[in-house]
Amino acid sequence: MIGTVLCYVLLPAARLLQALRDAFFTYRENVLLAKSPSTQIEGVFAATRGRSVPEEQEALLQQWLEEGVGNLPASESVPTVRKVSVTLTSDWLEGSELLMTSLSDLNTSLEVTQCADQQHLELNALASSELQDHAVAELARLPSEETVTVAGSAPWAAVVPQTDHKTAGCAGINVEVLNDDPAVLAWSLASDAEAMPPVLPAQPIQDAVPFYPVSTEVPYHDILWRDWEDLSVQPCVLEQVSKNTPLFEFRVMSYNILAQDLVEQGLDLYVHCHPDILNWNYRLPNLLQEIQHWDPDVLCLQEVQENHYWEQLEPTFKEMGFVCFYKRRTGTKTDGCAVCYKSSRFQLISLSPIEYFRPGLDILNRDNVGLVLLLQPVLPEGLGLKAVSPFCVANTHVLFNPRRGDIKLAQVALLLAEIDKIARTTEGSYYPVILCGDLNSVPDSPLYKFIRNGELSYHGMPAWKVVSGQEDFPQQLYSRKLLAPLWPSSLGITDKCQYVTLCQPKKPGRREYSRDFLLQFRFCDAACERPPQLVLLEGVTDAKPVASAREHSAVTAVPKRCNSLSFPGKQCSGVIQHGLNLTSVYSHFLPQRGRPEVTTMPMGLGATVDYIFYSAEPVESKAGECRRLYKDGALKLLGRLSLLSEDVLLMANGLPNPFCSSDHLCLLASFGLEISSL
């Protein structure tokens, strides 16, 4: 087997399968740890000694030594017990071609770190001189009842794996595999394992059940391949190019990276995963490498655990050139949202963290948060007197509970009000907006339509429908309905998702009075006097108000639950609006496969809950169409990373898996802002 010497544990037959699995995942985890961003890592490669072997099997073992191991290169041999100190830098983050490289290239274009040559020399020195003496001494002590032979080949050498998976590992790690990408390691081992015989005969282990080697791993790289979709050939972009107008191009990524605390609190959601791939020490290098490979300029993360952010993520992102901001969820929650941008490309104009929790309000009693930033692009030197517009980027993770769509809607309204404040220009228009996040709402649900179409009539709508949009949901179980107004006037948010204090002032010289205000003067002296020119009509203009009528009118003048502050000009309309003109980067459907896109897969069911919305210009639609149409405006969509369908993720055993270390897929889009002359 080329490239890797697999190590197996010779234990009683009933425990052989589990031991092989442990050794396999331990080996992979050590490779990941060797490529972690830490500056100093000590890998301990150890093998324990066995017991004596009877004379009748010593000849067979000697034959294996001469015909099998004796022909192996020194770099693939099993070294003796030795402690190897390896010095690493963060250079492993550079130049990875994991997700955009063909499988054939992966075998030839291996990642090389700064000290790969030193590691190669140390491992070769350990392996070259002591192989045969060590193997003879170890094999001479193996018990006869636990010897394993393979049909068509010699017996396999074995070591007992260490109990500490953070430092223990198989002794026969090939240096080339060590330098390979950790996320493709499972595929590499699977390719080597194809040469293994499918079944082990039972005769050498008396009265034992037949033993089967580790099954071939799923080719994750092939299955989870994601194409980059170039959208720069759209007519609006080509028109811009034809005018020789340069664009400031940048990439935005949105990624729910799955907080480790949430993994450990909900292990029943990940029963399909091997425990080792749920370990943070396994997941962190995978996540960092994926982010580094796609090289976003703006990074919006959800479910970022606070201690992991301050101790690992933020220092690593700083080394990658990012400036980072973090907002932890309120209450006792340990995760939150982060927004990072490259300091070489943007300058911060303003920052506004958002807490959705409002004491005493049932509609806003959850601990979700968000971040809103206004960024100024930094143009490269040599462009002369050029300028580019600032843009607003927002990141949030709204409530999950599918029964409380009213809370989700109120949280999104608060976020849009904050965006309205940050992105509004002095002329009353808006800078371009990019809204990222896990909204826990599926496409074409009322909440999604509200963000995209700018309007939602919610009065009387079941709370679950705001989230799911599924007409067959059991309404009798969750009969909560939304009533107008959705939030009290004390929140200070209008029905247009704007702060009351920031609403456009009325034009000078023009006064408007509400119906409630005018009704106060219905029975004043001036109103009760009969104008002399009024024509007398019996039963119409001859009636005079009485006290009882005044009292009755005073009681019934104001409708129930109406709030002129929250809904100025509308009496309990149950309609909310916003004027940001947002559309989705993704279409939520894969025409090539005829299936919907998915961004997450809880309990084996695929769904889209993660989004990147961006500012666009509305297009006049046909009469009767409720779906608003858009075209690119100042902010142009140049490309996006394709998503996957549910059936594809099922082939890869769902999410997370050894290749993708979160239960969500990352979203990535490329944008362009017009560079204009001053």
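Listing for the model above:
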read-out	value
Burial ranking of peptide ranges 588-599, 313-324 (average Cβ count within 10 Å, highest at the top)	313-324, 588-599
The range 314-347 residues near the modelled Q265 label - backbone nitrogen below 19 Å, point 7 Å along Cα→Cβ	327-338
Magnitude of the charge dipole, the range 285-342, Cβ model with Lys/Arg +1 and Asp/Glu -1, debye to 20	280
At R0 = 35 Å, FRET efficiency that the Cβ-Cβ distance of E239 and I349 yields, to 0.05	0.75
Per residue accessible area of the range 253-386, 1.4 Å probe, in Å²	40
Contour minus Cα-Cα distance for M603 and A527 (0.36 nm per residue)	20.5 nm
Area accessible to solvent at C503, 1.4 Å probe radius, in Å²	50
Accessible area (Å², 1.4 Å probe, nearest 10) - L678	150
Shape category assigned to the range 290-437 from the gyration tensor of Cα positions, a/c cut at 1.5	oblate
Evaluated at q = 0.19, 0.22, 0.31, 0.32 Å⁻¹: base-10 log I(q)/I(0), Debye formula over Cα of the range 260-308	-0.75, -0.94, -1.24, -1.25
Inter-site label distance for K631 and I675 at 7 Å from Cα along Cβ, in nm	2.5
Set K481/K636; K327/K449; K333/K421; K421/K636; K327/K481; K386/K496 screened for pairs whose C-alpha atoms are more than 30 Å apart	K481/K636; K327/K481; K386/K496
FRET efficiency, Y499 to H272 (Cβ-Cβ, R0 56 Å, nearest 0.05)	0.80
For the range 322-381, alpha-carbon Rg relative to the globular expectation (2.2 N^0.38 Å, N residues)	1.43
Volume per residue that the Cα convex hull of the range 346-505 spans, once the total is divided by residue count, Å³	128
Unit charges on C-beta of K, R, D, E only; dipole of the range 248-397, Debye	520
Share of carbon and sulfur in the accessible heavy-atom surface of the range 637-678 [1.4 Å probe, %]	52
Theoretical FRET efficiency, 1/(1+(r/R0)^6), r = Cβ-Cβ of Q376 and R595, R0 35 Å, to 0.05	0.30
Loop-resident sites, the range 614-678, for trypsin sites (Lys or Arg not before Pro), counting at most 12 other Cβ within 10 Å (DSSP)	K622, R627
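The values are calculated or read from the model by the stated rules, or taken from the named source; none is laboratory data. These numbers come from a predicted model, not from an experiment. Here Cβ is always computed from backbone atoms with ideal geometry, including for glycine, and neighbour counts include all displayed protein chains. Just so you know, the surface numbers come from the protein's heavy atoms only, side chains and all, with ligands and any DNA or RNA stripped out. Shrake-Rupley method; radii C 1.70, N 1.55, O 1.52, S 1.80 Å.
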